[in-house]
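K.L.:
Just passing along the structure, written as structure tokens.
The values are calculated or read from the model by the stated rules, or taken from the named source; none is laboratory data. Since this is a predicted model, take the numbers as computed values, not measurements. Reconstructed Cβ throughout: ideal geometry from the backbone, glycine too, with neighbour counts over all protein chains shown. All accessible areas refer to the heavy atoms of the entire protein, side chains included, with ligands and DNA or RNA removed. Shrake-Rupley method; radii C 1.70, N 1.55, O 1.52, S 1.80 Å.
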Amino acid sequence: MDFVTLTDDERQILALAEEFAAKEIKPNAELYDRKAEFPMPILRKALEAGIINGSVPEEYGGPGLPHRLRAQITERLAKACVGITGALGLNNLIAEVLLIAGRDDQKKKYLPRLMDGMVASYALTEPAAGSDVSAIETSAVKQGDSYVIRGAKTWISNASVASFFVVFAKTDPAAKHKGISAFLVERETPGLIVGKNLSKLGQRAFPANELAFEDMRVDASQMLGQPGDGFKIAMKAFDGSRPMVAGLAVGVAQRCLEESVAYSKTRSSMGQPLIMHQMVAQKIAEMGMRTHASRLLALEAADRLDKGLPVTLQAAYAKTFAADTAVFAATEAIQVHGGMGYSTEYPVEKLYRDAKVLQIYEGANEIQRLIMARELVR
């Protein structure tokens, strides 16, 4: 199994991603973290460079990149700032949903908008329904040729700048998860209310908001798939997005490793560089080992997606192990830096803040372990 070897074209794309990260993302990471706003100017430049929206096929104006390459692009961008990279990458989840369940007319209408610099948002999580998707309470009641949607969502990423949303609601509450449906909703739809940005610990360039639906009427033609398909759509989309979350986490872990190596070479203690102290060397070795393993898990899962193979188990492996590794690496990077690691003078405090949510979004790691167990005993 070879999912590591790159073609010449892929090497060029990755080199372009590294250059973009160095010139456009890394110098602006602190600014957008402080401002806590979506990096729209960086989005436009990234579109021009052709390094985002990789899941949009060429026939809709996108680059149509394989998942394996997208995971590696994600890692390189996230090493510069995972918050900015997450904000730029969410459109891929929307594209995946459209490719999974969209009619031809829906794909022709919405996928090119992503390539025109518009942002979309994925409205699933609710105040009482995070990991338990079946517990969502937002309702969609059929009235003639439309649905009236009522309810609320929270932690909806990029909602503050989204031009349209994928909204999940129950069309048949008695059917539980089999009664969930998905709708495409334009931002200007009457009854859709976008709340203010939620205050966050990390990934602050990746804004999140509350949403409210007050008798919001959506034409039945805006449904994705058939009534009751929402849960299946969401789960299949997560199979495609979790390897990319693993890529985000690998980028964070790799940055933690590089910052720790650089600091431990130049900072001395007890008459010798920190790297010469056994306990520091062990921390760096462990960071490197776990980061490399995370990268391979992410690439294997992405490669299976490209080959059309079942990926639920491998996506859970990759997302969980890589997210845990990012948090581990960020914690150890702070420790290697000592008191300076707790200071905003060095980037590891931001890496520490940014890493934690990787264990929570796109399915909490505890839920991923339940998925693993379920798949392993089948």
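K.L.:
Taking segment 314-365 on its own, how many of its residues are surrounded by fewer than 19 Cβ atoms within 10 Å (Cβ to Cβ), assigned to a loop (DSSP other than H, G, I, E, B) and of a type outside the set (A, V, I, L, M)?
P.N.:
The qualifying residues number 4.
K.L.:
Do we find that Lys142 is modelled with pLDDT of 95 or more, part of a strand (DSSP E or B), open to solvent by 10 Å² or more (accessible area, probe 1.4 Å) and in contact with a helix residue (DSSP H, G or I) (Cβ under 8 Å, 6 or more places away or on another chain) in this structure? Steps first, answer last, please.
P.N.:
Numbers: modelled with pLDDT of 95 or more: yes; part of a strand (DSSP E or B): yes; open to solvent by 10 Å² or more (accessible area, probe 1.4 Å): yes; in contact with a helix residue (DSSP H, G or I) (Cβ under 8 Å, 6 or more places away or on another chain): yes.
Yes.
K.L.:
Another question, then. Mind counting the residues in segment 114-139 that are open to solvent by 40 Å² or more (accessible area, probe 1.4 Å) and free of Cβ contacts under 8 Å to residues at least 60 places away in the same chain? I'd like the intermediate steps shown before the answer.
P.N.:
The initial filter retains those residues of segment 114-139 that are open to solvent by 40 Å² or more (accessible area, probe 1.4 Å), namely 115-116, 118, 125, 127-128, 130-132, 137.
Now drop any that are not free of Cβ contacts under 8 Å to residues at least 60 places away in the same chain, which leaves 116, 118, 125, 127-128, 132, 137.
Here the count works out to 7.
K.L.:
Looking at the structure I just gave you, is Arg34 within 23 Å of His67 (Cα to Cα) and basic (Lys, Arg)?
P.N.:
On the way: within 23 Å of His67 (Cα to Cα): no; basic (Lys, Arg): yes.
Here the answer is no, as Arg34 does not meet what is asked.
K.L.:
Then there is this: Testing Arg150 on (1) in a strand (DSSP E or B); (2) without any contact (Cβ under 8 Å) to a residue 12 or more places away in the chain; (3) basic (Lys, Arg), one condition comes back false. Which one is that?
P.N.:
(2)
K.L.:
Do any residues in segment 24-39 that are touching a residue at least 40 places away in the same chain (Cβ under 8 Å) and within 15 Å of Pro207 (Cβ to Cβ) have Cβ atoms under 7 Å from those of residues that are open to solvent by 20 Å² or more (accessible area, probe 1.4 Å) and not in a helix (DSSP H, G or I), where the two are at least six apart or on different chains, and which pairs are they?
P.N.:
Asp33/Arg204; Ala36/Asn197; Ala36/Arg204; Phe38/Ser160; Phe38/Val161
K.L.:
So, in segment 34-52, how many residues would count as being of a type in the set (A, V, I, L, M, F, W, C) and open to solvent by 70 Å² or more (accessible area, probe 1.4 Å)? Explain how you work it out, then say what you get.
P.N.:
Filtering segment 34-52 for residues of a type in the set (A, V, I, L, M, F, W, C) gives 36, 38, 40, 42-43, 46-47, 49, 51-52.
From what's left, open to solvent by 70 Å² or more (accessible area, probe 1.4 Å): none.
Of the residues in that region, 0 qualify.
K.L.:
Mind checking which residues of segment 318-366 are on the phi > 0 side of the Ramachandran plot and within 18 Å of the chain's Cα centre (by Cα)? Give the derivation first.
P.N.:
To start, the set of residues in segment 318-366 that are on the phi > 0 side of the Ramachandran plot comprises 338, 362-363.
Within segment 318-366, Glu362, Gly363 meet the criteria.
K.L.:
Further question: Quick one: count up the residues across segment 268-292 that are charged (D, E, K, R) and either in a strand (DSSP E or B) or touching a residue at least 40 places away in the same chain (Cβ under 8 Å) (or both).
P.N.:
To start, the set of residues in segment 268-292 that are charged (D, E, K, R) comprises 283, 286, 290.
Filter once more, keeping what is either in a strand (DSSP E or B) or touching a residue at least 40 places away in the same chain (Cβ under 8 Å) (or both): 283, 286.
So the answer is 2.
K.L.:
I would also like to ask the following. I'm trying to understand the selection: among the residues of segment 63-85, which are under 30 Å from Pro227 (Cα atoms) and crowded, with 22+ Cβ neighbours inside 10 Å?
P.N.:
The answer is His67, and nothing else.
K.L.:
Being part of a helix (DSSP H, G or I) and touching a His at 6+ places or on another chain (Cβ under 9 Å): is that true of Leu305 here? Steps first, answer last, please.
P.N.:
Numbers: part of a helix (DSSP H, G or I): yes; touching a His at 6+ places or on another chain (Cβ under 9 Å): yes.
So Leu305 fits the description; yes.
Matching residues to (1) touching a Pro at 6+ places or on another chain (Cβ under 8 Å); (2) at pLDDT 95 or above; (3) surrounded by fewer than 16 Cβ atoms within 10 Å (Cβ to Cβ); (4) among the polar types (S, T, N, Q):
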| residue | (1), (2), (3), (4) |
| --- | --- |
| Asn209 | no, yes, no, yes |
| Phe213 | no, yes, no, no |
| Met223 | no, yes, no, no |
| Ala237 | no, yes, no, no |
| Val245 | no, yes, no, no |
| Ile275 | no, no, no, no |
| Ile284 | no, yes, no, no |
| Ser294 | no, yes, no, yes |
| Glu300 | no, yes, no, no |
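K.L.:
Based on this model, can you work out whether Lys196 counts as assigned to a strand (DSSP E or B), under 20 Å from Pro127 (Cβ atoms) and open to solvent by 40 Å² or more (accessible area, probe 1.4 Å)? Working first, answer last.
P.N.:
Working: assigned to a strand (DSSP E or B): yes; under 20 Å from Pro127 (Cβ atoms): yes; open to solvent by 40 Å² or more (accessible area, probe 1.4 Å): yes.
Answer is yes for this residue.
K.L.:
Could you list all residues from segment 225-234 that are touching a residue at least 24 places away in the same chain (Cβ under 8 Å) and either surrounded by 23 or more Cβ atoms within 10 Å (Cβ to Cβ) or in a helix (DSSP H, G or I) (or both)?
P.N.:
Gly230, Phe231, Ile233, Ala234
K.L.:
Is one or more of the residues making up segment 17-33 open to solvent by less than 60 Å² (accessible area, probe 1.4 Å), aliphatic (A, V, I, L, M) and within 20 Å of Pro243 (Cβ to Cβ)?
P.N.:
Yes, segment 17-33 contains a residue that is open to solvent by less than 60 Å² (accessible area, probe 1.4 Å), aliphatic (A, V, I, L, M) and within 20 Å of Pro243 (Cβ to Cβ).
K.L.:
Another question, if that's okay. Taking segment 302-313, which residues are acidic (Asp, Glu) and either open to solvent by 60 Å² or more (accessible area, probe 1.4 Å) or modelled with pLDDT under 95 (or both)?
P.N.:
Here is the first cut: in segment 302-313, the residues acidic (Asp, Glu) are 303, 306.
The one that is acidic (Asp, Glu) and either open to solvent by 60 Å² or more (accessible area, probe 1.4 Å) or modelled with pLDDT under 95 (or both): Asp306.
K.L.:
Have a look at Val148, Val167 and point out the one that is closer than 27 Å to Tyr60 by Cβ, open to solvent by less than 60 Å² (accessible area, probe 1.4 Å) and not small (Gly, Ala, Ser).
P.N.:
On inspection, the qualifying residue turns out to be Val167.
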